[in-house]
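*Asks:* Before we start, here is the structure in question, set down as C-alpha coordinates.
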Amino acid sequence: MSATFFPQDLIIKKRDGGALTKDEIEFFARGVCDGRFSDYQATALLMAIFWRGMSAQETAWLTDAMMRSGEVIDLSDIPGAKVDKHSTGGVGDKVSLILAPLAAACGLKVPMMSGRGLGHTGGTLDKLEAIPGFRVMLSVSEFRGILQKTGCAMIGQTPQVVPADRKLYALRDVTGTVECIPLICSSIMSKKLAEGLDSLVLDVKFGKGAFMKSKDKARVLAQAMVDVGRAGGKPVRALLTAMDQPLGHAAGHTTEVIESIECLKGRGPADLMEVTFALTGHMLMLGGAAKDEADAGRKMDAAIANGSALQKFREMCAAQGGDPRVVDDYRILPTAKNFLEVKAPAGARGFISEVNALKCGHAIMALGGGRTAVTDQIDHAVGIAGLIKIGEPVAPGTRLCMLHVNDDAQGARAEALIREAIKFIPTPPQLEPLVQDLIQ
Ligand code: URA
(Lines give C-alpha, C1' and ligand atoms only; values in the text may rest on other atoms or scores of the structure.)
Protein backbone atom coordinates (compact mmCIF):
# COMPACT_ATOMS: atom_id res chain seq x y z
CA MET A 1 0.00 0.00 0.00
CA SER A 2 1.91 3.06 -1.21
CA ALA A 3 -0.73 5.84 -1.32
CA THR A 4 -1.12 8.20 1.64
CA PHE A 5 -4.59 8.36 3.11
CA PHE A 6 -6.21 10.73 5.54
CA PRO A 7 -9.04 9.51 7.78
CA GLN A 8 -11.17 12.57 7.04
CA ASP A 9 -11.11 11.84 3.29
CA LEU A 10 -12.51 8.34 3.90
CA ILE A 11 -15.17 9.74 6.23
CA ILE A 12 -16.25 12.37 3.70
CA LYS A 13 -16.29 9.85 0.85
CA LYS A 14 -18.50 7.43 2.74
CA ARG A 15 -20.64 10.21 4.21
CA ASP A 16 -21.43 11.31 0.64
CA GLY A 17 -22.34 7.79 -0.45
CA GLY A 18 -19.09 6.79 -2.17
CA ALA A 19 -17.53 3.33 -2.23
CA LEU A 20 -14.22 2.83 -0.40
CA THR A 21 -11.35 1.15 -2.21
CA LYS A 22 -9.51 -1.94 -0.98
CA ASP A 23 -6.51 0.18 0.07
CA GLU A 24 -8.67 2.68 1.91
CA ILE A 25 -10.39 -0.10 3.81
CA GLU A 26 -7.04 -1.66 4.64
CA PHE A 27 -5.85 1.72 5.95
CA PHE A 28 -8.96 1.91 8.15
CA ALA A 29 -8.54 -1.60 9.64
CA ARG A 30 -4.83 -1.04 10.31
CA GLY A 31 -5.30 2.57 11.34
CA VAL A 32 -7.69 1.74 14.20
CA CYS A 33 -5.03 -0.60 15.62
CA ASP A 34 -1.95 1.60 15.21
CA GLY A 35 -3.55 4.94 16.08
CA ARG A 36 -3.54 6.57 12.64
CA PHE A 37 -7.34 6.54 12.95
CA SER A 38 -8.39 8.20 16.21
CA ASP A 39 -11.42 6.86 18.08
CA TYR A 40 -13.53 9.84 17.00
CA GLN A 41 -12.54 9.44 13.35
CA ALA A 42 -13.21 5.71 13.43
CA THR A 43 -16.59 6.38 15.02
CA ALA A 44 -17.46 8.95 12.36
CA LEU A 45 -16.62 6.47 9.63
CA LEU A 46 -18.61 3.73 11.37
CA MET A 47 -21.62 6.04 11.52
CA ALA A 48 -21.19 6.92 7.83
CA ILE A 49 -21.09 3.18 7.03
CA PHE A 50 -24.15 2.68 9.23
CA TRP A 51 -26.14 5.16 7.12
CA ARG A 52 -24.64 4.61 3.67
CA GLY A 53 -23.99 0.86 3.86
CA MET A 54 -21.28 -1.07 2.05
CA SER A 55 -21.32 -3.09 -1.15
CA ALA A 56 -20.66 -6.84 -1.02
CA GLN A 57 -17.16 -6.11 -2.32
CA GLU A 58 -16.44 -3.48 0.35
CA THR A 59 -17.75 -5.85 3.06
CA ALA A 60 -15.49 -8.64 1.79
CA TRP A 61 -12.46 -6.30 1.79
CA LEU A 62 -13.27 -5.05 5.28
CA THR A 63 -13.60 -8.62 6.57
CA ASP A 64 -10.29 -9.60 5.01
CA ALA A 65 -8.47 -6.50 6.30
CA MET A 66 -9.87 -7.02 9.81
CA MET A 67 -8.92 -10.71 9.76
CA ARG A 68 -5.34 -9.77 8.79
CA SER A 69 -5.11 -7.12 11.52
CA GLY A 70 -3.89 -9.90 13.84
CA GLU A 71 -2.88 -13.55 13.99
CA VAL A 72 -4.51 -15.89 11.48
CA ILE A 73 -4.32 -19.37 12.96
CA ASP A 74 -3.01 -22.04 10.61
CA LEU A 75 -4.42 -25.49 11.35
CA SER A 76 -3.48 -26.98 7.99
CA ASP A 77 -1.03 -29.45 9.58
CA ILE A 78 -3.82 -31.00 11.67
CA PRO A 79 -5.39 -33.82 9.69
CA GLY A 80 -9.14 -33.82 9.03
CA ALA A 81 -11.75 -31.28 7.98
CA LYS A 82 -11.88 -28.31 10.36
CA VAL A 83 -15.48 -27.12 10.53
CA ASP A 84 -17.03 -24.69 12.98
CA LYS A 85 -20.47 -23.30 13.78
CA HIS A 86 -21.42 -19.79 14.83
CA SER A 87 -24.74 -18.63 16.21
CA THR A 88 -25.88 -15.04 16.22
CA GLY A 89 -27.16 -15.68 19.75
CA GLY A 90 -30.32 -16.37 21.65
CA VAL A 91 -31.74 -17.58 24.95
CA GLY A 92 -31.20 -21.18 26.02
CA ASP A 93 -28.95 -21.61 22.97
CA LYS A 94 -26.64 -24.34 24.26
CA VAL A 95 -26.25 -25.97 20.83
CA SER A 96 -22.45 -25.52 20.75
CA LEU A 97 -21.97 -27.66 23.87
CA ILE A 98 -23.72 -30.58 22.17
CA LEU A 99 -22.69 -29.96 18.56
CA ALA A 100 -18.90 -29.73 19.04
CA PRO A 101 -18.46 -33.18 20.68
CA LEU A 102 -21.14 -34.67 18.41
CA ALA A 103 -19.42 -33.45 15.23
CA ALA A 104 -16.04 -34.59 16.59
CA ALA A 105 -17.48 -38.05 17.32
CA CYS A 106 -18.63 -38.16 13.68
CA GLY A 107 -15.10 -37.50 12.40
CA LEU A 108 -14.70 -33.70 12.12
CA LYS A 109 -12.26 -31.40 13.84
CA VAL A 110 -14.16 -28.55 15.53
CA PRO A 111 -11.96 -25.54 16.34
CA MET A 112 -14.49 -23.39 18.16
CA MET A 113 -13.80 -19.85 19.35
CA SER A 114 -16.84 -18.56 21.17
CA GLY A 115 -17.96 -15.48 23.02
CA ARG A 116 -19.39 -14.48 26.36
CA GLY A 117 -22.98 -13.53 26.97
CA LEU A 118 -23.85 -9.88 26.83
CA GLY A 119 -27.28 -8.42 27.44
CA HIS A 120 -30.10 -10.97 27.43
CA THR A 121 -28.26 -13.63 25.39
CA GLY A 122 -26.10 -16.32 26.97
CA GLY A 123 -22.51 -17.09 25.97
CA THR A 124 -20.88 -20.47 25.41
CA LEU A 125 -17.75 -19.56 27.38
CA ASP A 126 -19.76 -18.63 30.48
CA LYS A 127 -21.71 -21.89 30.29
CA LEU A 128 -18.53 -23.97 30.04
CA GLU A 129 -17.06 -22.09 33.01
CA ALA A 130 -19.91 -23.43 35.16
CA ILE A 131 -17.98 -26.73 35.03
CA PRO A 132 -15.44 -26.66 37.88
CA GLY A 133 -11.93 -26.08 36.53
CA PHE A 134 -12.92 -25.68 32.86
CA ARG A 135 -10.45 -23.28 31.20
CA VAL A 136 -11.61 -21.36 28.15
CA MET A 137 -8.67 -18.95 27.84
CA LEU A 138 -6.02 -21.19 26.30
CA SER A 139 -2.99 -20.33 24.22
CA VAL A 140 -3.12 -21.12 20.52
CA SER A 141 -0.68 -24.00 21.04
CA GLU A 142 -2.87 -25.53 23.79
CA PHE A 143 -5.89 -25.07 21.52
CA ARG A 144 -4.13 -26.87 18.67
CA GLY A 145 -2.99 -29.71 20.92
CA ILE A 146 -6.49 -30.35 22.29
CA LEU A 147 -8.05 -30.08 18.86
CA GLN A 148 -5.63 -32.63 17.46
CA LYS A 149 -6.06 -35.09 20.32
CA THR A 150 -9.75 -34.74 21.11
CA GLY A 151 -11.27 -33.51 17.85
CA CYS A 152 -12.87 -30.46 19.46
CA ALA A 153 -11.71 -27.52 21.54
CA MET A 154 -13.83 -24.62 22.75
CA ILE A 155 -12.03 -21.43 23.71
CA GLY A 156 -12.34 -17.66 23.91
CA GLN A 157 -10.81 -15.36 21.36
CA THR A 158 -7.12 -14.81 22.05
CA PRO A 159 -5.97 -11.15 22.24
CA GLN A 160 -3.86 -11.65 19.11
CA VAL A 161 -6.84 -12.59 16.92
CA VAL A 162 -8.58 -9.74 15.01
CA PRO A 163 -7.52 -6.78 17.19
CA ALA A 164 -9.33 -4.45 14.74
CA ASP A 165 -12.66 -6.00 15.78
CA ARG A 166 -11.83 -5.67 19.45
CA LYS A 167 -11.37 -1.94 18.89
CA LEU A 168 -14.24 -1.41 16.47
CA TYR A 169 -16.75 -3.49 18.43
CA ALA A 170 -16.00 -1.53 21.61
CA LEU A 171 -16.60 1.74 19.71
CA ARG A 172 -19.77 0.44 18.03
CA ASP A 173 -21.15 -0.76 21.33
CA VAL A 174 -21.20 2.78 22.74
CA THR A 175 -21.95 4.82 19.60
CA GLY A 176 -25.17 3.31 18.26
CA THR A 177 -23.48 1.55 15.34
CA VAL A 178 -23.95 -2.13 16.24
CA GLU A 179 -27.08 -2.86 14.16
CA CYS A 180 -25.46 -2.54 10.74
CA ILE A 181 -25.29 -5.59 8.49
CA PRO A 182 -21.88 -4.98 6.80
CA LEU A 183 -20.34 -4.21 10.22
CA ILE A 184 -21.90 -7.25 11.93
CA CYS A 185 -20.93 -9.44 8.99
CA SER A 186 -17.29 -8.30 8.92
CA SER A 187 -17.03 -8.52 12.71
CA ILE A 188 -18.29 -12.09 12.91
CA MET A 189 -16.67 -13.40 9.74
CA SER A 190 -13.22 -11.86 10.35
CA LYS A 191 -13.04 -13.73 13.68
CA LYS A 192 -14.29 -16.99 12.20
CA LEU A 193 -11.97 -16.85 9.19
CA ALA A 194 -8.99 -16.18 11.50
CA GLU A 195 -9.65 -19.49 13.32
CA GLY A 196 -8.07 -21.62 10.62
CA LEU A 197 -11.26 -23.43 9.64
CA ASP A 198 -12.02 -25.05 6.29
CA SER A 199 -15.76 -24.39 6.31
CA LEU A 200 -18.43 -22.90 8.53
CA VAL A 201 -22.11 -23.32 9.38
CA LEU A 202 -24.01 -20.29 10.65
CA ASP A 203 -27.12 -20.30 12.80
CA VAL A 204 -28.73 -16.95 12.06
CA LYS A 205 -31.53 -16.49 14.55
CA PHE A 206 -34.56 -14.27 14.21
CA GLY A 207 -37.49 -13.50 16.47
CA LYS A 208 -38.29 -12.05 19.88
CA GLY A 209 -35.13 -13.32 21.60
CA ALA A 210 -32.73 -12.74 18.70
CA PHE A 211 -30.53 -9.91 17.63
CA MET A 212 -32.45 -9.78 14.30
CA LYS A 213 -36.15 -9.46 15.04
CA SER A 214 -37.34 -10.11 11.47
CA LYS A 215 -36.66 -13.06 9.22
CA ASP A 216 -36.03 -10.73 6.28
CA LYS A 217 -33.19 -8.97 8.10
CA ALA A 218 -31.78 -12.31 9.25
CA ARG A 219 -31.79 -13.47 5.63
CA VAL A 220 -29.86 -10.40 4.45
CA LEU A 221 -27.26 -10.91 7.21
CA ALA A 222 -27.00 -14.64 6.43
CA GLN A 223 -26.51 -13.97 2.71
CA ALA A 224 -23.86 -11.31 3.43
CA MET A 225 -21.92 -13.76 5.62
CA VAL A 226 -22.20 -16.60 3.11
CA ASP A 227 -20.94 -14.24 0.35
CA VAL A 228 -18.01 -13.04 2.46
CA GLY A 229 -17.09 -16.68 3.21
CA ARG A 230 -17.14 -17.46 -0.49
CA ALA A 231 -14.99 -14.40 -1.25
CA GLY A 232 -12.50 -15.70 1.35
CA GLY A 233 -12.48 -19.13 -0.31
CA LYS A 234 -14.36 -20.90 2.50
CA PRO A 235 -17.67 -22.66 1.97
CA VAL A 236 -20.28 -21.28 4.37
CA ARG A 237 -23.88 -22.40 4.86
CA ALA A 238 -26.41 -20.55 6.99
CA LEU A 239 -29.63 -21.78 8.55
CA LEU A 240 -32.32 -19.32 9.56
CA THR A 241 -33.79 -20.54 12.84
CA ALA A 242 -36.61 -19.16 14.98
CA MET A 243 -35.78 -17.72 18.40
CA ASP A 244 -39.16 -16.64 19.77
CA GLN A 245 -39.03 -18.96 22.79
CA PRO A 246 -35.87 -20.28 24.52
CA LEU A 247 -34.34 -23.43 23.06
CA GLY A 248 -35.00 -26.47 25.24
CA HIS A 249 -36.31 -26.24 28.79
CA ALA A 250 -33.26 -24.64 30.45
CA ALA A 251 -31.64 -21.21 30.42
CA GLY A 252 -28.75 -20.07 32.57
CA HIS A 253 -25.39 -21.78 33.07
CA THR A 254 -25.51 -24.84 35.35
CA THR A 255 -29.02 -25.60 34.06
CA GLU A 256 -27.86 -25.43 30.42
CA VAL A 257 -24.80 -27.60 31.04
CA ILE A 258 -27.07 -30.27 32.55
CA GLU A 259 -29.49 -30.07 29.62
CA SER A 260 -26.60 -30.33 27.13
CA ILE A 261 -25.23 -33.46 28.81
CA GLU A 262 -28.74 -34.92 28.84
CA CYS A 263 -28.87 -34.32 25.05
CA LEU A 264 -25.59 -36.20 24.63
CA LYS A 265 -27.13 -39.05 26.65
CA GLY A 266 -30.04 -39.22 24.19
CA ARG A 267 -32.55 -37.50 26.47
CA GLY A 268 -32.62 -34.05 24.84
CA PRO A 269 -35.77 -32.02 24.18
CA ALA A 270 -37.10 -32.23 20.62
CA ASP A 271 -36.60 -28.56 19.64
CA LEU A 272 -33.02 -28.41 20.86
CA MET A 273 -32.13 -31.69 19.17
CA GLU A 274 -33.76 -30.54 15.92
CA VAL A 275 -31.63 -27.39 15.71
CA THR A 276 -28.48 -29.23 16.86
CA PHE A 277 -28.93 -32.03 14.31
CA ALA A 278 -29.72 -29.59 11.50
CA LEU A 279 -26.55 -27.56 12.13
CA THR A 280 -24.29 -30.54 12.85
CA GLY A 281 -25.67 -32.32 9.78
CA HIS A 282 -24.60 -29.44 7.53
CA MET A 283 -21.18 -29.42 9.19
CA LEU A 284 -20.78 -33.14 8.43
CA MET A 285 -21.79 -32.61 4.81
CA LEU A 286 -19.50 -29.59 4.34
CA GLY A 287 -16.59 -31.47 5.94
CA GLY A 288 -17.13 -34.59 3.84
CA ALA A 289 -18.05 -36.76 6.86
CA ALA A 290 -21.54 -37.44 5.48
CA LYS A 291 -22.75 -37.65 1.91
CA ASP A 292 -26.26 -36.30 2.47
CA GLU A 293 -28.76 -35.42 5.20
CA ALA A 294 -29.89 -39.02 5.69
CA ASP A 295 -26.30 -40.21 6.07
CA ALA A 296 -25.57 -37.38 8.52
CA GLY A 297 -28.70 -38.28 10.51
CA ARG A 298 -27.63 -41.93 10.80
CA LYS A 299 -24.12 -40.95 11.93
CA MET A 300 -25.38 -38.50 14.54
CA ASP A 301 -27.97 -40.97 15.88
CA ALA A 302 -25.23 -43.60 16.21
CA ALA A 303 -22.82 -41.19 17.97
CA ILE A 304 -25.48 -40.40 20.57
CA ALA A 305 -26.68 -44.02 20.93
CA ASN A 306 -23.20 -45.57 21.29
CA GLY A 307 -21.99 -42.91 23.74
CA SER A 308 -19.14 -41.65 21.56
CA ALA A 309 -20.44 -38.03 21.51
CA LEU A 310 -20.74 -38.06 25.31
CA GLN A 311 -17.23 -39.51 25.53
CA LYS A 312 -15.90 -36.65 23.36
CA PHE A 313 -17.50 -34.16 25.75
CA ARG A 314 -15.83 -35.94 28.68
CA GLU A 315 -12.45 -35.91 26.92
CA MET A 316 -12.69 -32.23 25.95
CA CYS A 317 -13.71 -31.35 29.49
CA ALA A 318 -10.71 -33.17 30.96
CA ALA A 319 -8.33 -31.72 28.33
CA GLN A 320 -9.44 -28.18 29.20
CA GLY A 321 -9.02 -28.66 32.94
CA GLY A 322 -12.69 -29.30 33.70
CA ASP A 323 -13.88 -32.05 36.02
CA PRO A 324 -15.09 -34.83 33.69
CA ARG A 325 -17.13 -36.40 36.51
CA VAL A 326 -19.70 -33.72 35.71
CA VAL A 327 -21.07 -36.08 33.07
CA ASP A 328 -22.18 -38.55 35.76
CA ASP A 329 -22.70 -36.27 38.74
CA TYR A 330 -24.43 -32.92 38.24
CA ARG A 331 -24.00 -32.14 41.94
CA ILE A 332 -20.44 -30.96 41.26
CA LEU A 333 -21.84 -27.97 39.33
CA PRO A 334 -22.57 -24.73 41.21
CA THR A 335 -25.98 -25.12 42.86
CA ALA A 336 -28.41 -22.37 43.85
CA LYS A 337 -29.67 -22.02 47.45
CA ASN A 338 -33.37 -22.10 46.60
CA PHE A 339 -35.70 -23.50 43.98
CA LEU A 340 -38.78 -21.45 43.25
CA GLU A 341 -41.62 -23.16 41.44
CA VAL A 342 -43.59 -20.82 39.16
CA LYS A 343 -47.14 -22.13 38.65
CA ALA A 344 -49.87 -21.04 36.25
CA PRO A 345 -52.37 -18.65 37.86
CA ALA A 346 -56.02 -19.41 38.70
CA GLY A 347 -57.34 -18.08 35.37
CA ALA A 348 -54.98 -20.14 33.18
CA ARG A 349 -56.82 -22.44 30.77
CA GLY A 350 -55.94 -23.88 27.37
CA PHE A 351 -52.50 -23.87 25.78
CA ILE A 352 -49.26 -21.95 26.01
CA SER A 353 -49.14 -19.48 23.11
CA GLU A 354 -45.99 -17.52 23.98
CA VAL A 355 -42.83 -17.98 26.04
CA ASN A 356 -41.10 -14.71 25.23
CA ALA A 357 -37.37 -15.45 24.91
CA LEU A 358 -36.33 -11.84 25.51
CA LYS A 359 -38.24 -11.70 28.80
CA CYS A 360 -36.81 -15.07 29.85
CA GLY A 361 -33.35 -13.66 29.11
CA HIS A 362 -34.17 -10.66 31.29
CA ALA A 363 -35.29 -13.07 34.04
CA ILE A 364 -31.84 -14.72 33.94
CA MET A 365 -30.28 -11.27 34.26
CA ALA A 366 -32.59 -10.42 37.17
CA LEU A 367 -31.35 -13.58 38.91
CA GLY A 368 -27.72 -12.41 38.54
CA GLY A 369 -26.92 -14.77 35.66
CA GLY A 370 -26.23 -12.11 33.00
CA ARG A 371 -24.08 -9.09 32.30
CA THR A 372 -24.74 -5.51 31.39
CA ALA A 373 -21.01 -4.78 30.99
CA VAL A 374 -18.32 -7.22 29.86
CA THR A 375 -16.56 -6.85 33.22
CA ASP A 376 -19.61 -7.94 35.31
CA GLN A 377 -19.35 -11.17 37.32
CA ILE A 378 -22.09 -13.71 36.70
CA ASP A 379 -23.68 -16.25 39.00
CA HIS A 380 -23.43 -19.64 37.29
CA ALA A 381 -25.78 -21.40 39.70
CA VAL A 382 -28.94 -19.39 38.98
CA GLY A 383 -31.24 -20.04 36.04
CA ILE A 384 -34.41 -21.51 34.64
CA ALA A 385 -35.15 -25.25 34.40
CA GLY A 386 -38.20 -27.22 33.29
CA LEU A 387 -39.52 -24.29 31.25
CA ILE A 388 -42.86 -25.01 29.61
CA LYS A 389 -43.03 -24.82 25.78
CA ILE A 390 -45.42 -23.20 23.32
CA GLY A 391 -48.29 -25.59 22.53
CA GLU A 392 -48.30 -27.41 25.89
CA PRO A 393 -51.61 -27.60 27.74
CA VAL A 394 -52.04 -25.43 30.81
CA ALA A 395 -54.44 -25.28 33.76
CA PRO A 396 -54.37 -23.50 37.11
CA GLY A 397 -51.34 -24.74 39.04
CA THR A 398 -49.48 -26.21 36.03
CA ARG A 399 -45.74 -25.80 36.58
CA LEU A 400 -44.38 -23.12 34.22
CA CYS A 401 -40.75 -23.51 35.31
CA MET A 402 -38.40 -23.87 38.27
CA LEU A 403 -36.21 -20.87 39.06
CA HIS A 404 -32.82 -21.59 40.60
CA VAL A 405 -32.36 -18.65 42.95
CA ASN A 406 -29.64 -17.31 45.26
CA ASP A 407 -31.44 -14.18 46.47
CA ASP A 408 -35.15 -13.86 47.27
CA ALA A 409 -35.57 -10.34 45.87
CA GLN A 410 -33.90 -11.40 42.61
CA GLY A 411 -36.15 -14.47 42.53
CA ALA A 412 -39.27 -12.30 42.88
CA ARG A 413 -38.17 -10.04 39.99
CA ALA A 414 -37.41 -13.06 37.81
CA GLU A 415 -40.76 -14.65 38.63
CA ALA A 416 -42.58 -11.46 37.58
CA LEU A 417 -40.68 -11.48 34.26
CA ILE A 418 -41.50 -15.16 33.66
CA ARG A 419 -45.18 -14.42 34.29
CA GLU A 420 -45.01 -11.58 31.72
CA ALA A 421 -43.21 -13.88 29.26
CA ILE A 422 -45.80 -16.66 29.25
CA LYS A 423 -49.22 -16.28 27.60
CA PHE A 424 -52.16 -18.69 27.21
CA ILE A 425 -54.93 -19.12 24.64
CA PRO A 426 -57.97 -21.44 24.69
CA THR A 427 -57.10 -23.44 21.54
CA PRO A 428 -53.80 -25.02 20.44
CA PRO A 429 -51.58 -22.41 18.69
CA GLN A 430 -50.16 -22.84 15.21
CA LEU A 431 -46.54 -24.00 15.69
CA GLU A 432 -43.96 -22.33 13.45
CA PRO A 433 -41.14 -24.47 12.01
CA LEU A 434 -37.94 -24.00 13.95
CA VAL A 435 -35.42 -24.45 11.15
CA GLN A 436 -36.73 -22.37 8.28
CA ASP A 437 -34.29 -21.71 5.43
CA LEU A 438 -30.89 -22.74 4.19
CA ILE A 439 -28.74 -20.05 2.56
CA GLN A 440 -25.64 -21.20 0.69
N1 URA B 1 -21.37 -10.51 17.23
C2 URA B 1 -20.16 -10.09 16.81
O3 URA B 1 -19.16 -10.75 17.00
N4 URA B 1 -20.09 -8.92 16.14
C5 URA B 1 -21.17 -8.15 15.89
O6 URA B 1 -21.03 -7.11 15.27
C7 URA B 1 -22.43 -8.60 16.34
C8 URA B 1 -22.51 -9.79 17.01
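The values are calculated or read from the model by the stated rules, or taken from the named source; none is laboratory data. The structure presented is a predicted model; accordingly, all values stated were derived computationally and were not measured. Cβ: placed from backbone, ideal geometry, glycine included. Neighbour counts: every protein chain shown. Keep in mind that these areas ignore ligands, DNA and RNA; they rest on the heavy atoms of the full protein, side chains included. Shrake-Rupley method; radii C 1.70, N 1.55, O 1.52, S 1.80 Å.
*Asks:* On the basis of being under 25 Å from Asp379 (Cα atoms), outside any loop (DSSP other than H, G, I, E, B) and at pLDDT 95 or above, does Glu262 make the cut?
*Replies:* Yes, satisfied.
*Asks:* Further, regarding this structure: Restricting the search to the range 183-205, which residues are open to solvent by 20 Å² or more (accessible area, probe 1.4 Å) and at pLDDT 95 or above?
*Replies:* Asp198
*Asks:* Taking the condition of being away from the ligand (no atom under 14 Å from the Cβ) and open to solvent by less than 50 Å² (accessible area, probe 1.4 Å), how many residues in the range 143-162 meet it? Steps first, please.
*Replies:* Quick first cut of the range 143-162, residues away from the ligand (no atom under 14 Å from the Cβ) only: 143-155, 158-160.
Subsequent filtering for residues that are open to solvent by less than 50 Å² (accessible area, probe 1.4 Å) retains 143, 145-147, 150-155, 158.
So the answer is 11.
*Asks:* State whether one or more residues within the range 162-169 are out of contact with any helix residue (DSSP H, G or I) (no Cβ under 8 Å at 6 or more places or on another chain) and over 29 Å from Ser139 (Cβ atoms).
*Replies:* no
*Asks:* Within the range 338-351, does at least one residue satisfy the condition of being touching a helix residue (DSSP H, G or I) at 6+ places or on another chain (Cβ under 7 Å), over 30 Å from Lys208 (Cα atoms), open to solvent by less than 40 Å² (accessible area, probe 1.4 Å) and not in a helix (DSSP H, G or I)?
*Replies:* Looking for residues that are touching a helix residue (DSSP H, G or I) at 6+ places or on another chain (Cβ under 7 Å), over 30 Å from Lys208 (Cα atoms), open to solvent by less than 40 Å² (accessible area, probe 1.4 Å) and not in a helix (DSSP H, G or I), one finds none in the range 338-351, hence no.
*Asks:* Can you tell me which residue is modelled with the lowest pLDDT among those in the range 163-174 that are within 17 Å of Phe50 (Cα to Cα) and within 13 Å of the ligand (Cβ to nearest atom)?
*Replies:* Filtering first and then ranking leaves Asp173.
*Asks:* Taking the conditions exactly as written (among the hydrophobic types (A, V, I, L, M, F, W, C), at pLDDT 95 or above and over 26 Å from the mean Cα position of the chain (by Cα)), does Val405 satisfy them or not?
*Replies:* In short, no.
*Asks:* Name the single residue that is nearest to Gln245 (Cα to Cα) among those in the range 124-142 being surrounded by fewer than 24 Cβ atoms within 10 Å (Cβ to Cβ) and in contact with a strand residue (DSSP E or B) (Cβ under 7 Å, 6 or more places away or on another chain).
*Replies:* Leu125
*Asks:* Taking Arg237 as meeting all but one of (1) in contact (Cβ under 8 Å) with a residue 12 or more places away in the chain; (2) closer than 23 Å to Ala60 by Cα; (3) within 16 Å of the ligand (Cβ to nearest atom), write down the number of the exception.
*Replies:* (3)
*Asks:* Quick one: which residue in Ser69, Ser87 is crowded, with 18+ Cβ neighbours inside 10 Å and assigned by TED's automatic domain parsing to the domain that holds Ser214?
*Replies:* None of the others qualify; the one that does is Ser87.
*Asks:* Restricting the search to the range 206-234, which residues are at positive phi and modelled with pLDDT of 95 or more?
*Replies:* First, pick out the residues of the range 206-234 that are at positive phi: 207, 233.
If the condition is that a residue be at positive phi and modelled with pLDDT of 95 or more, then Gly207 is the only one that fits.
*Asks:* Please determine, by comparing only the residues of the range 195-217 that are of a type in the set (A, V, I, L, M) and away from the ligand (no atom under 12 Å from the Cβ), which one is nearest to the chain's Cα centre (by Cα).
*Replies:* Filtering first and then ranking leaves Val201.
*Asks:* Can you name every residue in the range 175-188 that is under 21 Å from Arg68 (Cβ atoms) and within 9 Å of the ligand (Cβ to nearest atom)?
*Replies:* Leu183, Ile184, Cys185, Ser186, Ser187, Ile188, listed by residue number.
Yes/no per residue for (1) without any contact (Cβ under 8 Å) to a residue 40 or more places away in the chain; (2) of a type in the set (A, V, I, L, M); (3) within 16 Å of the ligand (Cβ to nearest atom); (4) in contact with a Gly (Cβ under 6 Å, 6 or more places away or on another chain):
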residue	(1), (2), (3), (4)
Met66	no, yes, yes, no
Ser69	no, no, yes, no
Ile78	no, yes, no, no
Ala81	no, yes, no, yes
Asp84	no, no, yes, no
Ser87	no, no, yes, no
Val91	no, yes, yes, yes
Lys94	no, no, no, no
Pro101	no, no, no, no
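*Asks:* Need pairs with beta-carbon distance below 6 Å; first residue within 21 Å of Trp51 (Cβ to Cβ) and within the range 19-38, second open to solvent by 60 Å² or more (accessible area, probe 1.4 Å); sequence gap 6+ or separate chains.
*Replies:* Qualifying pairs under 6 Å: Ile25/Trp61; Val32/Lys167.
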